[in-house]
Every structure is written in C-alpha cells, then in structure tokens.
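Q: Got a structure for you, written out below as structure tokens; questions coming shortly.
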Amino acid sequence: MDRRLDGVDRPPGDLDRRLLSVLHAYGGNPHVAAVARTLSRSGEHGALWLAAGLAGAAADRARRGAWLRATALTAGAHLASMGVKRIVRRPRPTHVAPRARTAGRHSFPSSHAASATAAAVAYGTLGAYAVPPLAAAMCLSRLVVGVHYPTDVAAGAALGAAAAGLGARWIGAGRD
C-alpha cells in the first residue's frame, strides 16, 4: 500500500504510476474514452450494480430473496470500500489528467471496483454470466479515465470479491 495507516504519506510506487500512465493512454482514443466515462458514471455509488440486482429480483421471482441478498452484499462491499477510503485517505493520481469527475478526493480502494467485483461474484452465483466481463470493464475504466492507481483497483476488487465470497452461502440461504 502506498500510504501507511500510521498517517505517514508514501508516494505511489513507480510501477503503479507507470501502469496507470500506460492504461490512461488508451483513453486518448475518443471511443475508448467515451465508453470508460460512461462506465464510470454508471458505476457511481454502485448504481449500475444495485439496479442490476433489483432487476434480477424483479425478473426472477422464484429467486427474489437470493437476488436481494446478493444486492445487499454488493451494497455492503461498496460501503466497506468507502469506510476504508476514509481511513487510508490516499490522494487520487495527479500525474495524469482525469477524464471523469469523481465523487470524492480519495483513491484507495476503488469503490467502483469493489461494487463491480462483488456484483460479478454475487450475481454470477445466480447465473448472471454477463456481469463479470462488464465488471472487469468497469475496473479498467477507472484506470483509463485516470482516477485510480492500479493498486486502488486491485484492492477494491479484492474487497468486493471477499465480501461477496464470504456471503455466498447467505445468497443461497432461505426458501425463495
């Protein structure tokens, strides 16, 4: 991690900065930038993933409860990432020009990556196999628009996967 919890600032690692620069360069293509910005906007506060879970609950009446539990896990992963972000307080990258607005100033972990990965795992257990590739694209979009370091995205994805993985049994619990 680039910032220790004892409050001592650490500059982001050179590899982290270089990887971000390489991936951010893809956003120079206007089509790639437009897709990345759209993904970033739709993932703000986990909105895309929460809407997908609620749509799943509405469409799949037989497993409505499972969809709602999966949606709750996705929301929980997002909230957990916001809590970690408030503790770590790592600043967003400044060596690349951001191509999207952000809701906050802090970068670690990526809340977009946390909610996207939680949705990929949770909804994937319910057979929503289109979610994981879209979640991967969401994670990459945060680098293309230049608002997170790769380690921010990796940490967010790990947090989301852990939250959904730990709750996987809960998703299938109960009679729906």
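The values are calculated or read from the model by the stated rules, or taken from the named source; none is laboratory data. What you see is a predicted model; the values in this text were computed from it and never measured. Side chains are part of the model used for accessible areas, which takes the heavy atoms of the whole protein and leaves out ligands, DNA and RNA. Shrake-Rupley method; radii C 1.70, N 1.55, O 1.52, S 1.80 Å.
Q: Whole number please: convex hull volume per residue of the Cα set in the chain, in Å³?
A: Taking the convex hull of the Cα positions in the chain, it is 98 Å³ per residue.
Q: What fraction, in whole percent, of alpha-carbon pairs in the stretch 16-117 exceed 20 Å separation? Working shown, then result.
A: Details: 2492 of 5151 pairs.
Above the 20 Å cut-off, the stretch 16-117 has 48 percent of its Cα pairs.
Q: Solvent-accessible area of His45, probe 1.4 Å, all protein chains present, reported in Å² to the nearest ten, please.
A: About 110 Å², ignoring ligands and nucleic acids.
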